[in-house]
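Written below as structure tokens is the structure these notes are about.
The values are calculated or read from the model by the stated rules, or taken from the named source; none is laboratory data. Being a predicted model, the structure only gives us computed values, none of them experimental. Don't worry about glycine lacking a Cβ; one is built from the backbone with ideal geometry, like all the others, and counts go over all protein chains shown.
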Amino acid sequence: MTRNNYPDPEMNDLHSAKILLCYLMERIDRPISEERLYDIVTGSNVINHFLYAEALEALVKNGSLSFSKNDTSSDKNKSPDENEGRMIVLEQKGRLGAEYFNNTIPATFRRRILTAAFHSFAAERRREESSCEITPAENGFTVELSVHDKSLGLMKLSLYAPDRAQAELIAEHMQRNPSQLYSNVIGYVLDNPEESPDIRL
């Protein structure tokens with residue numbers, strides 16, 4: 001929503017939608033799954049489902065984008081996109097189109113679609129580097145965050161919450177930036193001063 005509570009404007013021009021899709025792919029600079037691209041584009045509220053489908057079909061047909069088949073077997077070393085099976089690839093024609101014509105697209109559309117992409121990939125990174133569980137405990141709930149680097153466990157942090165609502169709030173904040181939280185905890189541990197004995201009589 002805009003500041004005046006009016007809905008954000010949507011793009012309704014096929015030519016502009018094609019340029020914007022190529023621009024997004026050029027900025028991402030890697031193949032992306034069909035599902036991920038659809039979620040980013042429609043989630044940005046810039047291009048609706050029908051215009052997206054029409055633009056994607058046209059770009060594949062004119063050689064700006066292409067589909068590549070991927071090994072559908074699951075591999076822990078692959079990104080979630082790479083385990084999806086079929087990927088969308090930006091071809092040279094689409095890359096040139098994005099470079100030459102991206103300035104014809106209003107900055108607000110470019111900014112919104114890139115923001116949606118950023119949030120999508122940031123959420124993926126958080127899922128890869130951490131997990132968070134809420135379990136019932138005596139008189140409340142336990143929130144446990146696990147931070148890991150692939151198969152290496154880096155930290156487990158458990159906090160108590162008196163009710164479910166607070167537990168979910170704690171979990172949400174824990175998962176906002178797990179790597180920074182881990183760094184902060186390490187910093188606090190290393191800087192933790194030795195307790196000074198109270199020798200007053």
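Kindly check whether there is at least one residue in the stretch 28-40 that is more than 30 Å from SER151 (Cα to Cα) and either at pLDDT 90 or above or assigned to a loop (DSSP other than H, G, I, E, B) (or both). Within the stretch 28-40, one or more residues are more than 30 Å from SER151 (Cα to Cα) and either at pLDDT 90 or above or assigned to a loop (DSSP other than H, G, I, E, B) (or both). As for the stretch 140-150, it holds at least one residue that is of a type outside the set (D, E, K, R), in contact with a helix residue (DSSP H, G or I) (Cβ under 8 Å, 6 or more places away or on another chain) and at pLDDT below 85. Taken together, the residues in the stretch 134-152 that are more than 17 Å from LEU169 (Cα to Cα), under 22 Å from the mean Cα position of the chain (by Cα), assigned to a strand (DSSP E or B) and of a type outside the set (Asp, Glu) amount to 2.
Restricting the first member to the stretch 1-24 and to residues that are surrounded by 12 or more Cβ atoms within 10 Å (Cβ to Cβ) and in a helix (DSSP H, G or I), and the second to residues that are among the polar types (S, T, N, Q) and at pLDDT 90 or above, the beta-carbon pairs closer than 6 Å and six or more apart or on different chains are CYS22/SER64.
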